[in-house]
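The values are calculated or read from the model by the stated rules, or taken from the named source; none is laboratory data. Since the structure is predicted, the reported quantities are computational estimates derived from the model, not experimental observations. For neighbour counting, all protein chains shown are included, and Cβ atoms are generated from backbone atoms with ideal geometry for every residue, glycine included. Surface accessibility is based on the protein's heavy atoms, side chains included, excluding ligands, DNA and RNA. Shrake-Rupley method; radii C 1.70, N 1.55, O 1.52, S 1.80 Å.
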Amino acid sequence: MIIGILNSGGDCPGINAVIEGYVSAAYRRGWRVIGFHDGFEGLLPVAGGRRYETLTPDKTHQIRSFGGTILGTTSTGNFKIHINKLGRASIDTDMLAKAKKTITALGLEALAVVGGSGSARTASLLADEGLPVISIPKTINNDLCEASDYTFGFQSAVTTVTESIDRIRTTANSHQRMMVVEVMGDQSGWIALHSGISTAADVVLIPEIPFDLQNVVECIKARKATGQREIIVVVCEGARLNGELITIRNKDKGEERLGGIGNRLSRMLQELTGIETRYCVLGHTQRGGSPCAFDRITALRFGVEAVKLIERREYGKTLVLNGPNVNTVSIEEAVRSLRLVHPDSQLVRTARDLGIIFGDRSPDRLMSERAMDTAAKATKKCRKKACKTESA
Ligand code: F6P
């Protein structure tokens, strides 16, 4: 059997581990693997050359620890999905014909597409055309679908953000500053929530819990009044500031993408609290670097399970990590809706009990946050008194 693999869309730590697992399992079955370069573009013919290569175990052995992808990827390119007025997606017929021709000419029995929701939609359209396709999800945002507990890339991103905020905290403490840290996540706040908890952030602002700026300011002032030197605010790029998404526009290219809330928010918070404030955008550091152990293991499992799906001729499926198991859902289900943070989830409630401020308005939450800060202030006074007694 000859099977193919490509990865499309934004990269993340762990893609090479998928490739290694896929190649290893295929060769143990006596199959051959073809890897396509730069996403779906690799399926299109190129004058005087080709954009694919045969992948063998000696080429892929131990690439599981490498960040990025040995095949390259693209978030743009010629292979575009068209959405008609009724919202129905389709692939450009010329592109589709060229892709089919490549797949047939190479004698591919199946194609694994490693990608996010956009790439999975393209994979689904290829599957609708009768092409033997399976989807392997990847995203640092962890926002695939409810059936997916974790996507590989996410834990590595949280580890990177945690290490970065730990560093930022030391300089904020030195200068008695507030630091606003902007993280990725698109419309989901998973990275912000997990890294906020792991780093004892004071404030976590995410798209799923609309925040009131005045409430955030009041809570920060109360927190500062306890004598805490530094304030750490973690904000997701997709959170809305006064109801507005903050984006970066590239008029020449007609591009608009999320980014900029960290800068805007830090200026506003400094003005409203009087605390010297700086901001830090962690950006693509969250997408780079060597995958953590959890993501390597998850990605390797996905690569191996993808080969087993092909062995069972189970096409049109997406692999998901559900608890300890790698399961499958249809690609349609996987792309139907994003997996978002539930404001009343156990994890959010735990974060509140750890003193994290989400800036939402509900009075009971405000009371509990204030009660805790009053208690902290009282504790501080006792400590001061105790110190005086000791030194007397
Ligand atoms: O979807 C993942 C993601 O990292 C987003 O969180 C981020 O806004 C976007 O990709 C950046 O995409 P690009 O690599 O095209 O700039």
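Some values worked out for this structure:
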{"read-out": "Stokes-Einstein D (µm²/s) once Rh is taken as the Kirkwood radius of region 1-153 over alpha-carbon pairs, at 37 °C in 0.692 mPa s", "value": "209"}
{"read-out": "Rounded tilt (10° steps) of 293-311 against the dominant C-alpha axis of the chain", "value": "30"}
{"read-out": "Accessible area per residue in Å² at 1.4 Å probe, computed on the chain", "value": "46"}
{"read-out": "Qualifying trypsin sites (Lys or Arg not before Pro) in region 67-104, DSSP loop, other Cβ atoms within 10 Å at most 14", "value": "80, 85, 88"}
{"read-out": "Of all accessible heavy-atom area on the chain, the percent that carbon and sulfur account for (1.4 Å)", "value": "51"}
{"read-out": "Calculated [θ] (222 nm, deg cm²/dmol) that DSSP helices of n ≥ 4 give over the chain, each run adding -39,500 (n - 2.57)", "value": "-13000 deg cm²/dmol"}
{"read-out": "Nearest-ten-degree value, helix 15-27 long axis tilted from longest Cα axis of the chain", "value": "30"}
{"read-out": "For residue 195, net neighbour charge (Lys/Arg +1, Asp/Glu -1) across residues whose Cβ lies under 14 Å away", "value": "-3"}
{"read-out": "Positive minus negative residues near residue 171 (Lys, Arg vs Asp, Glu; Cβ under 13 Å)", "value": "+2"}
{"read-out": "Within-10-Å neighbourhood charge of residue 36 [Cβ basis; K, R +1; D, E -1]", "value": "-1"}
{"read-out": "Estimated dipole of the chain in Debye, rounded to 20 [Cβ of Lys and Arg +1, of Asp and Glu -1, Cα centre]", "value": "820"}
{"read-out": "Rh by Kirkwood over Cα pairs, then Stokes-Einstein D for the chain at 1.567 mPa s and 4 °C, µm²/s", "value": "57"}
{"read-out": "Using alpha-carbon coordinates, inclination of helix 261-273 to the longest axis of the chain, degrees", "value": "10"}
{"read-out": "Interchain or long-range residues, amide H under 5 Å from residue 110's placed H", "value": "4"}
